[in-house]
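Have a look at the structure below before the remarks.
The values are calculated or read from the model by the stated rules, or taken from the named source; none is laboratory data. Keep in mind the model is a prediction, meaning the values are calculated, not measured. Reconstructed Cβ throughout: ideal geometry from the backbone, glycine too, with neighbour counts over all protein chains shown. With ligands, DNA and RNA removed, areas are computed over all heavy atoms of the protein, side chains included. Shrake-Rupley method; radii C 1.70, N 1.55, O 1.52, S 1.80 Å.
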Amino acid sequence: VQLVESGGGLVQAGGSLRLSCAASGRTFSSYAMGWFRQAPGKEREFVAAFSWSAGNTYYADSVKGRFTISRDNAENMVYLQMNSLKPEDTAVYYCAASAGGGRLASRREYDYWGQGTQVTVSS
């Protein structure tokens, strides 16, 4: 599976961005998908995930109520709608795919990663 993110950019605090992740491979629907982010000098952290079964979604506490993850299996796409952005949301955002679909908040669960897209939120 190859993953390519897009949609990052510079936005003012309170604004919105929609990140997209295009996935290759005919078995896309069998993977759980997640978004992580990494700010300068910090570890990569979990943001949101969408399980492959039952359509369950999971969010980090820091983004609950502001971010929404969704997927379109027909188009092999995963999205992250980010609203009410804050300066602390500034980071490189990564899309990831998990074949196992276990602990989706753990980066170790993921088998494939995109190259990342920069999101910068100005105050």
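Six or more apart or on different chains, Cβ under 9 Å: which pairs go from a residue in the range 3-20 that's within 15 Å of residue 34 (Cβ to Cβ) to one that's modelled with pLDDT of 95 or more and part of a loop (DSSP other than H, G, I, E, B)? Could you list them? Partner pairs satisfying both residue conditions: 3/114; 3/115; 5/114; 5/115; 5/116; 19/7; 19/8; 20/7. Those residues that are of a type outside the set (D, E, K, R), assigned to a loop (DSSP other than H, G, I, E, B) and under 20 Å from residue 74 (Cβ atoms), I need them from the range 3-36; list them, please. Across the range 3-36, the qualifying residues are 7, 24, 25, 27, 31.
Just so you know, in the range 10-25 the residues that are among the small types (Gly, Ala, Ser) and closer than 28 Å to residue 111 by Cβ include one that is surrounded by the fewest Cβ atoms within 10 Å (Cβ to Cβ), and it is 24. Close contacts from the range 56-74, counting a first residue that is within 16 Å of residue 90 (Cα to Cα) and modelled with pLDDT of 95 or more and a second that is part of a loop (DSSP other than H, G, I, E, B) and open to solvent by 40 Å² or more (accessible area, probe 1.4 Å), with Cβ to Cβ under 8 Å and a gap of 6+ residues or different chains, come to 60/105; 66/83; 66/84; 67/83. The set of residues from the range 67-123 being open to solvent by less than 40 Å² (accessible area, probe 1.4 Å), in a loop (DSSP other than H, G, I, E, B) and either in contact with a strand residue (DSSP E or B) (Cβ under 7 Å, 6 or more places away or on another chain) or under 21 Å from residue 27 (Cβ atoms) (or both) comprises 76, 85, 90, 101, 104, 110, 114, 116. In the range 42-65, the qualifying residues are those that are open to solvent by less than 30 Å² (accessible area, probe 1.4 Å) and assigned to a loop (DSSP other than H, G, I, E, B), and the one that is farthest from residue 12 (Cα to Cα) is 51.
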